[in-house]
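The values are calculated or read from the model by the stated rules, or taken from the named source; none is laboratory data. If you're wondering where the values come from, they're calculated on a predicted model, not measured in any experiment. Using ideal geometry, Cβ is built from the backbone for each residue, glycine included, and neighbour counts are taken over all protein chains shown. When the accessible area is computed, the model is the full protein with side chains, heavy atoms only, and any ligands, DNA or RNA have been set aside. Shrake-Rupley method; radii C 1.70, N 1.55, O 1.52, S 1.80 Å.
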Amino acid sequence: METLHLETLHREISAAIASLDFDRIFPGFRPLKFALYNDTECFFDGRYIEKTVDFCANTAIPYKGETIAIWYAADKMPIAVFASKLVHEMFHGFQNIQGWNCSVDETDALFHYGYSAENLSRKLKENELLTDLSDGFDVLKYRALMQSRKYRSERFPYEFMYESCVEEIEGSANYVEWQVLKQLDPAQAELLERKMRQTVVCPESFFPIRRASYFTGALLIHAMCAAGEYP
């Protein structure tokens, strides 16, 4: 029964992904092959394969000469959400193929990211501007956002660098996930947007700052697109 479940799920997700207009998601991005797996079995590119130690976590991996997305299919989700998660991981594969060089040393950040009151208070105000901009573009608020980011890049260079790297890698993948949901299930897209908006203005999500930066990056790309400055 599990094998049939994975096979059916793979087929349904494949159909959802095939229906997407990738040009509306991110320029140059195209879908990669993907695998669904559980503790014992794996379906890749529509067929059963032997599960190996390569299949671990939800991510993008090199597999037999190509980059693929993988997902541990343990929890039930709507097909649109499943598809958006797989495309999220595909985008990480796309980043690797394109040579995006924005990785960060998380261990180093644990010791060197300074949680100063000034930096975090400014960051919170920036995120409040981002939520306003997600309601509708306002050039004055956008300029205020960019001016604040420039100030923090000069005043807190390490902290800003770390946040920016997470925003670029994970934030862009979350932005892609959001755009997928807009095409497949607008109600789920609204739920994700609500979660992002709530998270980025919640002070508790700043500890560690990586939590908020996943969603800050997505909302920032949305604002930059509205301003005609991205990608």
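For the range 85-97, the tally of residues that are of a type outside the set (V, I, T) and over 10 Å from the mean Cα position of the chain (by Cα) stands at 6.
Among the residues examined, E126 qualifies as part of a helix (DSSP H, G or I), modelled with pLDDT of 95 or more and open to solvent by less than 20 Å² (accessible area, probe 1.4 Å).
Would you mind stating whether L110 is in a helix (DSSP H, G or I), more than 30 Å from R30 (Cβ to Cβ) and at pLDDT below 95? Break it down stepwise before answering.
On the way: in a helix (DSSP H, G or I): yes; more than 30 Å from R30 (Cβ to Cβ): yes; at pLDDT below 95: yes.
Yes: the conditions hold for L110.
Listed by position, the helices (runs of 4 or more DSSP H) enclosed by the range 143-220 that each have at least 3 residues that are over 24 Å from I17 (Cβ atoms) are 157-166, 186-200. The residues of the range 170-192 that are open to solvent by 30 Å² or more (accessible area, probe 1.4 Å) and not charged (D, E, K, R), listed by number, are Q183, L184, P186, A187, Q188, L191.
So which strands (runs of 3 or more DSSP E) stay within the range 5-66 end to end and still have 1 or more residues that are over 17 Å from V81 (Cα atoms) and not hydroxyl-bearing (S, T, Y)?
Details: elements: 34-37, 42-44, 47-49, 59-63.
Once the strands (runs of 3 or more DSSP E) in the range 5-66 are filtered for at least 1 residues that are over 17 Å from V81 (Cα atoms) and not hydroxyl-bearing (S, T, Y), what remains is 42-44, 47-49, 59-63.
Taking the numbered list (1) modelled with pLDDT under 95; (2) farther than 29 Å from G228 by Cβ in turn, I61 passes all entries but (1). Just name the residue that is nearest to G171 (Cα to Cα) out of those in the range 46-66 that are open to solvent by 60 Å² or more (accessible area, probe 1.4 Å) and touching a residue at least 24 places away in the same chain (Cβ under 8 Å). Looking at residues that are open to solvent by 60 Å² or more (accessible area, probe 1.4 Å) and touching a residue at least 24 places away in the same chain (Cβ under 8 Å), I get N58. For the range 23-45, give me each residue that is exposed (fewer than 11 other Cβ atoms within 10 Å of the Cβ), in contact (Cβ under 8 Å) with a residue 24 or more places away in the chain and more than 29 Å from P231 (Cα to Cα). Result: T40, single match. Filtering the range 1-13 to residues that are surrounded by 18 or more Cβ atoms within 10 Å (Cβ to Cβ) and within 23 Å of the chain's Cα centre (by Cα) leaves L9, H10, I13.
In the range 132-169, the qualifying residues are those that are acidic (D, E) and surrounded by fewer than 22 Cβ atoms within 10 Å (Cβ to Cβ), and the one that is farthest from T107 (Cα to Cα) is D138.
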